[in-house]
Amino acid sequence: MPLHLQTPLFESGAMSARDGQSVWLKMEAMQPPGSFKIRGIGFACEEYVRRGATRFISSSGGNAGIAAAYAGRRLGVPVVVVVPETTTERARELIARENAQVIVHGASFQEANALAQSMVTGADAFIHPFDDPLLWQGHASMIDEVAAAGVKPDAVVLSVGGGGLLCGVVEGLRRNGWNDVPVVAVETVGADSFAQSIAAGERIELPGISSIATSLGARKVAEQAFAYAREHPVRSIVVSDADAVRACLRFIDDHRVVVEPACGASLAVAYDAAGSLAQYKNVLAIVCGGVTATVGQLQKWAGN
Ligand SMILES: *Cc1c(COP(=O)(O)O)cnc(C)c1O
């Protein structure tokens, strides 16, 4: 049995905005570690164990670190997660709750990541948060489930951080013969490394991340994500943090599920389906989830 769950897929009554238009939700927020990441990370971890790995090492203080910790506990493999001092107490607790060892090191991700990399021996597998073909192969299973349900979307809306989800969804579309289905790639202002790369015609590196959607905070996207933007129909949209937070709060009322602003960015576009996605009849929104923001934090960001 894989480490991820088969997630619900249903048509949103709240989002299906105009006559004849449907917005379908793929509820990755329901995965036990709270996000889609367990699909790819679970798949990769199982493969690394087959190849002889006896320990997993991660440097993500976000949903990737939580997914790696969950995968390790389920597989009986010890996990070390090195996080910077800026990582919230909540994220540290969520990782530790899965019995992973949390090492707090350095002022920023760069330092924590350098220590994590230096710890990797021949018996370890380093679990990258987005840039690993095994991850993409695992993420692609969410599209297999949509195909098995008999729903062919006219467009897929998803969030982009480092582009692992994008690569996985494009691979899923291709392996189901849906090469013509466009992907709408959403980021927030200040975490828009993909949008800026497309505009520049080359992979750019952001000097820093200024969005609250920290799970989208990769300063540079994976090379394959940028390559797919040329080989597959991909459209890039950037929304504000405020739009993302508003969409998260609205989603709680509409569907009774809490997600991070990283996911809210895609939800903001899905809520506006009658506007920016008007040409598509069946829109599939990947509700990628995320557990590092609480309802209280969302309300604080919204200013109420
Ligand atoms: C990781 C993550 C993303 C971005 O995924 P990438 O593969 O880095 O593009 C978006 N939303 C949530 C909740 C995440 O955990």
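The values are calculated or read from the model by the stated rules, or taken from the named source; none is laboratory data. On a predicted model such as this, the values are computed, not experimentally measured, just so you know. Cβ placement follows ideal geometry from the backbone for every residue including glycine, while neighbour counts extend to all protein chains displayed. Only protein heavy atoms, including side chains, enter the accessible area calculation; ligands, DNA and RNA are left aside. Shrake-Rupley method; radii C 1.70, N 1.55, O 1.52, S 1.80 Å.
Could you pull out every one of the helices (runs of 4 or more DSSP H) wholly within segment 182-295 that has 1 or more residues that are out of contact with any Phe, Trp or Tyr (no Cβ under 8 Å at 6 or more places or on another chain) and within 19 Å of Gly161 (Cβ to Cβ)? Output list reads 193-200, 223-231, 241-255, 261-271. Among the residues of segment 135-142, some residue qualifies, meaning at least one is in a helix (DSSP H, G or I) and surrounded by fewer than 24 Cβ atoms within 10 Å (Cβ to Cβ). The residues of segment 171-181 that are touching an Asp or Glu at 6+ places or on another chain (Cβ under 7 Å) and not in a loop (DSSP other than H, G, I, E, B) amount to a single one, Gly172. May I ask you to list the residues in segment 257-304 that are modelled with pLDDT under 95, open to solvent by less than 20 Å² (accessible area, probe 1.4 Å) and within 16 Å of the ligand (Cβ to nearest atom)? Within segment 257-304, just Ala293 meets the criteria. In segment 120-129 there is no residue matching the filter, namely being open to solvent by less than 10 Å² (accessible area, probe 1.4 Å), at pLDDT 95 or above, closer than 30 Å to Ala278 by Cα and in contact with a Phe, Trp or Tyr (Cβ under 6 Å, 6 or more places away or on another chain).
Mind listing whichever residues of segment 109-118 are free of Cβ contacts under 8 Å to residues at least 40 places away in the same chain and under 21 Å from the mean Cα position of the chain (by Cα)? Passing the criteria: only Gln110.
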